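Since every read-out is calculated from the coordinates, none of them should be taken as a lab result. Small disclaimer: the values here were computed from a predicted structure and weren't measured. Glycine also receives a Cβ, built like all others from the backbone with ideal geometry; neighbour counts cover every protein chain displayed.
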Amino acid sequence: MSDAHVPTDYAPSPQEFTRGWQEWRAGWERWLTQPFGWLAATSHEWLDETPRSYPGLPGLWWQAGEALHIDPQGGAMAFGGEAFTTERRFPLADAPDDVRVTLGELEVGITYRGAYLIVAYDPNSPARLGFDGVPAYEPSPRWVLPGRFEPFHAPKSITLDSVGWGTHSHDTPGVVHFEYAGTEHTLQVLSSHGMLNTVFADATSGVTTYGAGRALDIPSPNANGDVALDFNRTVNLPCAFTEHFPICPVPPPANRLPFAIEAGEKAPH
């Protein structure tokens, strides 16, 4: 999600630390407000085997088995840069989440969770145009905690519940151990796009931060397995910003920390 490359052997000055966090923060909010990002989501639908039209979207949409079907019905659509005007079948059950179809000035993200979820993105959405930032705790070096990555002999599969419907299957390459207030804690980590990341909840969840939990990217461990957990760069899940992401992962029980991590993003306004 975010660029959290924090060296484990570098101690910046307070001014450098704050400036680095501010630069990261500005980049993160630019990412949030991109034209077809999370804040542009305006609707979502779960498809079934009946061809249907949906408000604001041209054409008919349905699924047959594990394939998505779209009949443009005269609408202008494109997939992978290739325009199509007649019914198309898309076997996307094994595709990455949020594969996009272009519909004029809109995009539709497609994700498979046993059924197909389609999410419409409009760059003129009120949430995107009215975005004025996400509240966050003041950054503090005390929330950059040293950790140790313990890899499994081979990646394991983990199933996570979602905030709305269905489950997620993820590969977990290992765990990260870290210490806080004299007690060791362990986070299960996931692997995505060559980076480690984790979803967790803590004593601030549902109080000052989003109730379902937050996410943190973790830099690659060094040769000794050392990592830096910079909780100042903890971010919200997409479902914190919009109801149109009912598939955000819920942290596993092992990632429910018993103390308050007063760092990173707070719940959105």
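Suppose every Lys and Arg Cβ carries +1 and every Asp and Glu Cβ carries -1, with no other charges. What dipole size does the stretch 159-269 come out with about its Cα centre, to the nearest 20 debye?
Values: 4 positive and 11 negative charges, 37 e Å.
Its charge dipole is roughly 180 debye.
About the Cα centre of the chain, how large is the charge dipole given +1 on each Lys and Arg Cβ and -1 on each Asp and Glu Cβ? Please answer in debye to the nearest 20. Display every interim value, and only then the final one.
Values: 16 positive and 32 negative charges, 36 e Å.
Result for the chain is approximately 180 debye, rounded to the nearest 20.
Which order do Tyr121, Tyr112 fall in if you start with the one that has the fewest other Cβ atoms within 10 Å?
With the fewest neighbours first, Tyr121, Tyr112 line up as Tyr112, Tyr121.
If contacts are Cα pairs under 8 angstrom and at least 6 residues apart, what is the relative contact order of the chain in percent?
It comes to 19 percent, rounded to a whole number.
Per the Cauchy relation, a quarter of the hull surface: what is the mean projected area of the convex hull of the alpha carbons in the stretch 179-269, in nm²?
So the mean shadow area of the Cα hull is 6.5 nm².
I need the shape label for the stretch 8-47. Rule: rounded when a/c is under 1.5, else prolate if a/b > b/c, else oblate, with a, b, c from the alpha carbon gyration tensor.
Working: a/c = 6.05, a/b = 3.07, b/c = 1.97.
Prolate is the answer for the stretch 8-47, as a/c is 1.5 or above and a/b outweighs b/c.
With θ taken as phi - 60° and the coefficients 6.51, -1.76 and 1.60, list the Karplus ³J(HN,Hα) couplings across the stretch 142-154 in order, rounded to whole Hz; mark glycine and proline as x.
So the Karplus estimates, Gly and Pro as x, are 5, 9, 9, 9, x, x, 10, 7, 10, x, 6, 4, 8 Hz.
What list do you get for Ser192, Ser140 if you sort them by fewest beta carbons within 10 Å?
Lowest to highest Cβ neighbour count: Ser192, Ser140.
How long is the gain from Arg19 to Asp97 if the chain were fully straight, where each residue apart is worth 0.36 nm and the alpha carbon distance is subtracted? All intermediate terms of the calculation are to be shown ahead of the outcome.
On the way: separation 78, 0.36 × 78 = 28.08 nm, distance 3.36 nm.
Between Arg19 and Asp97, full extension yields 24.7 nm more.
Mind checking which of Pro135, Pro72, Pro12 has the largest fluctuation in a GNM of the chain, springs on alpha carbons under 10 Å?
Pro12
I want to verify a result. In a Gaussian network model of the chain, Cα cutoff 10 Å, which of these has the top mean-square fluctuation: Pro139, Pro246, Pro151?
Between Pro139, Pro246, Pro151, it is Pro151 that shows the largest mean-square fluctuation.
Show the residues, 5+ positions off or on another chain, whose built amide H is closer than 5 Å to the amide H of Tyr180.
Placed amide hydrogens put His185 under 5 Å from Tyr180.
Under 10 Å, Cα contacts only: if you run a Gaussian network model on the chain, which one of Phe245, Phe90, Phe36 comes out with the highest mean-square fluctuation?
Phe90
Once you mark the GluC sites (Glu not before Pro) that are in a DSSP loop and have at most 16 other Cβ atoms within 10 Å, what is the longest gap between them in the chain? The partial results should precede the final answer.
Working: sites that count: Glu49, Glu66, Glu87, Glu105, Glu243.
Segment 106-242 is the longest.
Can you give me the Cα centroid spacing of the stretch 157-197 and the stretch 220-262 in angstrom?
First find each Cα centre; the distance between them is then 8 Å.
Tell me which of Ala127, Ala115, Pro91 sits at the most positive position along the dipole axis of the stretch 38-129, charges placed on C-beta atoms (Lys, Arg +1; Asp, Glu -1).
So the residue we want is Ala127.
Could you work out how far helix 14-32 tilts from the main Cα principal axis of the chain, as a 0 to 90 degree angle to the nearest 10?
Value to nearest ten degrees: 10.
I need to check one value: relative contact order of the stretch 38-129, counting alpha carbon pairs closer than 8 Å and at least 6 residues apart, in percent.
Normalised by residue count, the contact order of the stretch 38-129 is 31 percent.
Say R0 is 30 Å: what FRET efficiency, to the nearest 0.05, do Phe84 and Gln34 get from their beta-carbon distance?
Efficiency for this residue pair is about 0.75.
Using the Cα centre as the reference, give the magnitude of the dipole from point charges on the C-beta atoms of the stretch 38-129 (Lys, Arg: +1; Asp, Glu: -1; all else neutral), rounded to the nearest 20 debye.
Numbers: 6 positive and 13 negative charges, 25 e Å.
The calculation lands at about 120 debye.
Over the stretch 155-269, what is the relative contact order in percent, taking alpha-carbon pairs closer than 8 angstrom and at least six residues apart?
Computed over the stretch 155-269, the figure is 28 percent.
Once amide H atoms are placed 1.01 Å from N in the peptide plane, what residues at a sequence separation of 5 or more from Ala203, or on another chain, have their amide H within under 5 Å of its amide H?
The answer is Phe259, Ala260, Ile261.
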